[in-house]
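A.B. asks: Take a look at this one; I'll ask things after.
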Ligand SMILES: NC(=O)c1ccc[n+]([C@@H]2O[C@H](COP(=O)([O-])OP(=O)(O)OC[C@H]3O[C@@H](n4cnc5c(N)ncnc54)[C@H](OP(=O)(O)O)[C@@H]3O)[C@@H](O)[C@H]2O)c1
């Protein structure tokens, strides 16, 4: 089969489109003919081994453990392992290949049935493929770490991107009042998804206002942690999702000092792998209930993966970017 592989760490130029053996499903896995796979920040972070710690899992000097990138997938089941109960050949599915070693930037990938959901007929393959990692991240950020409740206020910084568009819709589904911070090209999306207030990050700075929120979700945030804390209501929660080393350091370490003696709290989100399968089911429910819509910024062919990666790395995606077979 054809796949995107990489044999050294680096920029998109390390990606190669070539032939590799087709995987064979284990007893609990299905083999999927990939129709669409979406691109996440996790893919280029792994490709570049940035942060450096990524090498500990994948290989110190060159990538070994995960030779094919891509964790989000949508496609059709073409073979099933002997223990598979929920799916059969011909079923359209979407899901998360992370726990199975990634590999969705390929014509075929094996995924455990627990990580898959049936693709609703109302949703295209490219839309379905856009959901898993960004959706799971948004769900864990808003619901599990943010613990948002009906009627509470939430500010979502980076609301126009992959994680942000899902976070906004999940917050609305949970009954929150949303302030969305995004660029001008994503403002229409934020209004459409029900934000009560939309701020343009180029001209407005929420940290300079005298407004306070129950929850702040900072996706690729860049303000000092003291500013986020000041913008929280008593008992408020700040959730950092992605960012540069300073943001990570502040959320993980400095927050202990900064939030000491306060009833406010700070969290750095790393995806909780143990709830991924259950989270996929929750996203499936939201999707079929019409509470989750997918925005596709651009699609690329599988062989254009390097170009897609370059585009996503610029950091101005409106919704999601998807690779098509
Ligand atoms: N730790 C984890 O387990 C985990 C899991 C998943 C994701 N993440 C992290 O989450 C982060 C976000 O991922 P993503 O997929 O949502 O990114 P993305 O799709 O590339 O979105 C980036 C978005 O940020 C917006 N943006 C850029 N500058 C901004 C600013 N100054 N203020 C507000 N918004 C701004 C862009 O909007 P404009 O186009 O308008 O500029 C764009 O919509 C990544 O760092 C990723 O590593 C972490």
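A.B. asks: Can you report the principal axis dimensions of the stretch 134-268 using only the alpha carbons, biggest first, rounded to whole angstrom?
C.D. replies: 39, 30, 30
A.B. asks: Can I ask one more? Using only the alpha carbon atoms of the chain, find the Kirkwood hydrodynamic radius as the inverse mean reciprocal pair distance, in angstroms to one decimal. Can you show the working numbers first?
C.D. replies: Working: mean 1/r = 0.0499 Å⁻¹.
Kirkwood hydrodynamic radius for the chain: 20.0 Å.
A.B. asks: With each pseudo-label sitting 7 Å past Cα toward Cβ, what's the residue 303-residue 275 distance in nm, one decimal?
C.D. replies: Placing both labels 7 Å beyond Cα along the Cβ direction yields 4.3 nm.
A.B. asks: Students often check this: by mean Cβ neighbours within 10 Å, which of 213-222, 253-262 ranks highest, and how do the rest follow?
C.D. replies: Values: 213-222: 24.0, 253-262: 12.7.
Going by the mean number of other Cβ atoms within 10 Å, highest first, we get 213-222, 253-262.
A.B. asks: Among DSSP beta bridges whose residues both lie in the chain, state the antiparallel percentage, nearest 5. Provide the component values of the computation, followed by the final result.
C.D. replies: Values: 29 of 57 bridges.
Counting DSSP beta bridges with both partners in the chain, the antiparallel share is about 50 percent.
A.B. asks: Let me ask something else. What distance in nm lies between label points placed 7 Å from Cα along the C-beta direction at residue 122 and residue 17?
C.D. replies: It works out to 3.5 nm between the two label points.
A.B. asks: Could you order peptides 84-97, 37-50, 162-175 by the average number of other Cβ atoms within 10 Å of their residues, highest first?
C.D. replies: On the way: 84-97: 19.0, 37-50: 22.9, 162-175: 25.9.
Ranked by mean Cβ neighbours within 10 Å, highest first: 162-175, 37-50, 84-97.
A.B. asks: Right, another one. Kindly provide the helix-only [θ] at 222 nm of the chain, computed as the sum of -39,500 (n - 2.57) over DSSP H runs of four or more divided by all residues, to the nearest 500 deg cm²/dmol? The partial results should precede the final answer.
C.D. replies: Working: 11 runs with 81 residues, N = 325.
Using -39500 (n - 2.57) per qualifying helix, the result is -6500 deg cm²/dmol.
Any read-out appearing in this document is the output of simple, stated calculations on the displayed coordinates, not a laboratory observation. No experiment lies behind these values; they were computed from the predicted model shown. Don't worry about glycine lacking a Cβ; one is built from the backbone with ideal geometry, like all the others, and counts go over all protein chains shown.
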